[in-house]
Amino acid sequence: MSGEVSSLDFAPLSEVSALPGATNVGSAIGLYARQTAGFDERVARTVEVLKQAAADFGPGALQSTSLGVEDMVITDLIARHGLPIALATLDTGKLHAETLALIPRIHDRYGIEVEVFAPVREQVVHFVRANGEEPMYRSVELRKACCGVRKLEPLSRMLAGRTAWITGLRREQSANRAEVPFREDDGHGRTKINPLAEWSWADVWHYVQQHVVPYNPLHDEFMPSIGCAPCTRAIAVGEDFRAGRWWWEDSSKECGLHATHAEPDSPSATESEPEASPPTSTSGAQA
Ligand code: ADX
Ligand code: SF4
């Protein structure tokens, strides 16, 4: 599992998964963990970015964790280096049980509380009454409206009083994210810090293996990018990293949390729209 394999830096997920030596099928570590050239330097730069965030923003800095594997790596680094950075997550009400189970696991492992921000109940009730429980499949506008109620509104409360937020964005994740810097203006008066910007998928899993970082078991089921349950499926061989997110859409596949990296597409909607053909999930496909 170790050994320097420099040509694999930033390889697409499909190539990484196809490598000889990917023995432990069914384990994301077995499939993806590789030590590639410059790994230790990338870790060192990430630690510097996190330390600088703590120094520059103090209690104004917050780790925004989706509880996905990248965020678990960042949490491990925060804990390992004793950085005074708080953690918070957005519980949309549509997350997998496996995702939510990481909140107590983080506490058990690191002694850190994750503050949970949920949508406003009345807004959800109103939205569901107007549009149904799963309107996201009917149009991009309705999907974004759901993200608005379940993610963006709680995000604004989560970030209130904060000056910087730390995310797990990586350049390799999608074309939209190819330019992600270590630090940027989030367009709403805060600094967004992306300490894993230059990490590859192999780096992430190598770190998880090295440090036995707890992670969502859904990653072992070919879900590299995990969001809400109705909007996430497993990916198939050769598919992009984010192919399992909003897979029925031909859109920039962003929910608005990271608007600066999304294409400028459609606005929100709150009322019902005509039904389109239902999506078919390839859930369970093998990567
Ligand atoms: S998303 O915009 O498509 O949902 P993605 O799942 O790739 O984003 O996650 C990118 C980063 O956004 C995560 O590393 C995390 O910092 C933040 N993020 C995404 N979802 C959440 C969430 N539910 N709670 C807190 N932060 C989140
Ligand atoms: Fe709603 Fe799906 Fe957006 Fe989650 S990802 S808030 S379920 S549309």
message = Whether any residue in segment 79-97 is within 16 Å of ligand 1 (Cβ to nearest atom), closer than 20 Å to residue 234 by Cβ, among the aliphatic types (A, V, I, L, M) and surrounded by fewer than 17 Cβ atoms within 10 Å (Cβ to Cβ) is what I want to check.
response = yes
inquiry  = So residue 204 ticks every box in (1) within 17 Å of the chain's Cα centre (by Cα); (2) farther than 30 Å from residue 31 by Cα; (3) more than 16 Å from ligand 2 (Cβ to nearest atom) but one. Which box is left unticked?
reply    = (2)
ask   = residue 155: under 29 Å from residue 32 (Cα atoms) and surrounded by 18 or more Cβ atoms within 10 Å (Cβ to Cβ), yes or no?
value = no
remark   = Within segment 207-232, the residues that are more than 14 Å from ligand 1 (Cβ to nearest atom) and either buried (at least 23 other Cβ atoms within 10 Å of the Cβ) or modelled with pLDDT under 95 (or both) are 207, 222
task = Among what's in segment 31-70 and is basic (Lys, Arg) and more than 25 Å from residue 223 (Cα to Cα), pick the residue that is farthest from ligand 2 (Cβ to nearest atom).
result = 51
key: Close pairs (8 angstrom Cβ cut-off, 6 or more residues apart or separate chains): more than 17 Å from residue 49 (Cβ to Cβ) in segment 169-188, at pLDDT below 95 and outside any loop (DSSP other than H, G, I, E, B) anywhere   = 176/261; 187/259; 187/260
message = Need pairs with beta-carbon distance below 9 Å; first residue without any contact (Cβ under 8 Å) to a residue 12 or more places away in the chain and within segment 215-243, second aliphatic (A, V, I, L, M) and surrounded by 23 or more Cβ atoms within 10 Å (Cβ to Cβ); sequence gap 6+ or separate chains.
response = 243/235
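The values are calculated or read from the model by the stated rules, or taken from the named source; none is laboratory data. Keep in mind it's a predicted model, so treat the numbers as computed, not measured. Note: ideal-geometry Cβ built from the backbone for every residue, glycine included; neighbour counts use all protein chains shown.
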